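Inspection log for the structure reproduced underneath, given as structure tokens.
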């Protein structure tokens, strides 16, 4: 989705410790970051984006029904307070922290290489069936995109959107549910429409959102 300044957080994990952390969902508090963009060399060579499909229909009922990216309650050890959202981009999972070392886990699509970022933000606004106005830099890469598209089942923003901090990054739905589990966006986090509709009422404005590349011990 839309590009803005971001931080690309790259880790070279340490062997078995990361494997254990990824399985158990360990997390620890992350210092606040002001997202600034640091594109990788490969990002500068991109000549074609993975295209969004404006006009393709996906309703509020569409969910990921099976497999690891299906919505499910999981064990998740974290120092974050219940109600916090924790995103692990390498896993393609969004966790809504619950009491007693549990979390509601959703499969997501994340930014492709060169467009991933990490940091600490808050949900500053929410919208149902949001409009979509691709920024100029996205139009430059994908000139076939509309300059504006009203909210609705054919909108790539999907059924709901939660806006992150002062950026134009969002947690939002999608009209391409088959892209869940892929690194495909320009930095936003997408869920199947039925899953973002489930998440939306659980996340009030002001919710803390922690974005990491992977689980931390």
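Numerical summary
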| item | result |
| --- | --- |
| In region 136-155, the residues that are over 23 Å from residue 205 (Cβ atoms), touching a residue at least 60 places away in the same chain (Cβ under 8 Å) and not in a strand (DSSP E or B) | 137, 138, 141, 142, 144, 145, 146, 153, 154 |
| Tally, over region 188-216, of residues that are outside any helix (DSSP H, G or I) and farther than 15 Å from residue 72 by Cα | 17 |
| Condition check for residue 126: crowded, with 16+ Cβ neighbours inside 10 Å, within 21 Å of residue 70 (Cα to Cα) and touching a residue at least 40 places away in the same chain (Cβ under 8 Å) | no |
| Filter result for residue 126 (part of a loop (DSSP other than H, G, I, E, B) and more than 14 Å from the chain's Cα centre (by Cα)) | no |
| Per-region count, region 75-123, residues at pLDDT 95 or above and not in a loop (DSSP other than H, G, I, E, B) | 24 |
| Condition broken by residue 181, with the remaining ones in (1) under 15 Å from residue 197 (Cα atoms); (2) surrounded by fewer than 19 Cβ atoms within 10 Å (Cβ to Cβ) satisfied | (1) |
| Single match in 158, 181, 165 (criterion: touching a residue at least 60 places away in the same chain (Cβ under 8 Å), touching a strand residue (DSSP E or B) at 6+ places or on another chain (Cβ under 7 Å) and more than 23 Å from residue 68 (Cα to Cα)) | 165 |
| Only one of 176, 142 that is crowded, with 17+ Cβ neighbours inside 10 Å, more than 24 Å from residue 97 (Cα to Cα) and more than 13 Å from the chain's Cα centre (by Cα) | 176 |
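The values are calculated or read from the model by the stated rules, or taken from the named source; none is laboratory data. Note that this is a predicted model, so its numbers are computed, not measured. Neighbour counts are summed over all protein chains in view; Cβ atoms, including those assigned to glycine, are modelled from backbone coordinates with ideal geometry.
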